[in-house]
Amino acid sequence: MKDPRQWFAMRDLKRGNASNPAYLALGQMGFEVFTPMRETLALRFGIRRKVLRPYLQDLLFVHAEREFLDPVVERTPTLQYRYAKGLGYRQPVVVPERQMLPFIAAAGAVPGPKYYLPEELTPEMVGRAVRIIGGPLDGYEGRLLRLRGARAKRVIVELPNLIALAVEVQPEFIQLISENTTK
């Protein structure tokens, strides 16, 4: 039986220093929530500490049925759906499970993944098509990230038009895919 829940892209309009951001509040309500996190240094009581903060303050993903999520969005003025452009009036962005699960796995696979906004990835940065054999991203098909002077191999894991991340992968896990081969 197919799971009726979907991954909705949401916006949190609270300030960055809010005591209860939407990803925490929704998690406390029992929703499955994912937000891309990064380590930053924070000064608290004169002591510098590493803390995890959202990479983009207003981006989070909620795995839920729309009928259960709609009432929460209606009563929370700082929580909104992200709407897709060109798909009709007020169509929320839904990320397919087959894209979301590898993204979550990649974000948790290595400490400190490098995130990119869609406009930051240029065609020159996107390299050859690869398949990962083994490791935490086993079976994932994507593209290599080409950076001048980089010795490590990084694979781009992308949620189209939202966000992408680059994860370092050991060369022995990388299998090149020829461009004319069908998936």
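The values are calculated or read from the model by the stated rules, or taken from the named source; none is laboratory data. The shown structure was predicted, so the numbers you read here are calculated from the model rather than taken from an experiment. Cβ sites come from the backbone with ideal geometry, for glycine too, and all protein chains shown count toward neighbours.
Table for the structure above
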quantity: Cβ pairs under 8 Å, 6+ apart, first in the stretch 64-85 and without any contact (Cβ under 8 Å) to a residue 60 or more places away in the chain, second surrounded by 14 or more Cβ atoms within 10 Å (Cβ to Cβ) and among the basic types (Lys, Arg); calculated: 64/5
quantity: Among the candidates 51, 33, residue that is touching a Gly at 6+ places or on another chain (Cβ under 8 Å) and either farther than 22 Å from residue 103 by Cα or aliphatic (A, V, I, L, M) (or both); calculated: 33
quantity: Candidate set from the stretch 113-142 (those that are under 13 Å from the mean Cα position of the chain (by Cα) and not in a strand (DSSP E or B)); member that is farthest from residue 158 (Cα to Cα); calculated: 113
quantity: Identity of the residue in the stretch 29-63, in contact (Cβ under 8 Å) with a residue 60 or more places away in the chain and not aromatic (Phe, Trp, Tyr), that ends up farthest from residue 13 (Cα to Cα); calculated: 39
quantity: Single residue of 3, 70 found to be modelled with pLDDT of 90 or more, more than 19 Å from the chain's Cα centre (by Cα) and more than 25 Å from residue 111 (Cα to Cα); calculated: 70
quantity: Counted residues, the stretch 29-67 - those being at pLDDT below 90 and either in contact with a Cys (Cβ under 9 Å, 6 or more places away or on another chain) or of a type in the set (S, T, N, Q) (or both); calculated: 2
quantity: Qualifying residue in the stretch 6-19 (condition: acidic (Asp, Glu), outside any loop (DSSP other than H, G, I, E, B) and within 13 Å of residue 69 (Cα to Cα)); calculated: no
quantity: Output for the stretch 1-14, where each listed residue is among the basic types (Lys, Arg) and surrounded by fewer than 10 Cβ atoms within 10 Å (Cβ to Cβ); calculated: 2
quantity: Residue list for the stretch 33-53, filter: farther than 20 Å from residue 77 by Cα, in contact with a strand residue (DSSP E or B) (Cβ under 8 Å, 6 or more places away or on another chain) and of a type outside the set (A, V, I, L, M, F, W, C); calculated: 36, 38, 39, 40, 48, 49, 50, 53
quantity: Filtered residue count, the stretch 28-45, keeping only those that are in a strand (DSSP E or B) and either surrounded by 15 or more Cβ atoms within 10 Å (Cβ to Cβ) or among the basic types (Lys, Arg) (or both); calculated: 5
quantity: Single match in 166, 129, 152, 105 (criterion: buried (at least 17 other Cβ atoms within 10 Å of the Cβ), of a type in the set (A, V, I, L, M) and not assigned by TED's automatic domain parsing to the domain that holds residue 39); calculated: 166
quantity: Unmet criterion (only one of (1) in a loop (DSSP other than H, G, I, E, B); (2) of a type outside the set (S, T, N, Q); (3) modelled with pLDDT of 85 or more; (4) surrounded by 10 or more Cβ atoms within 10 Å (Cβ to Cβ)) for residue 87; calculated: (3)
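Condition check ((1) touching a residue at least 24 places away in the same chain (Cβ under 8 Å); (2) of a type outside the set (A, V, I, L, M)) across all residues:
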| site | (1), (2) |
| --- | --- |
| 116 | yes, yes |
| 136 | yes, yes |
| 145 | no, no |
| 163 | yes, no |
| 166 | yes, no |
| 176 | yes, no |
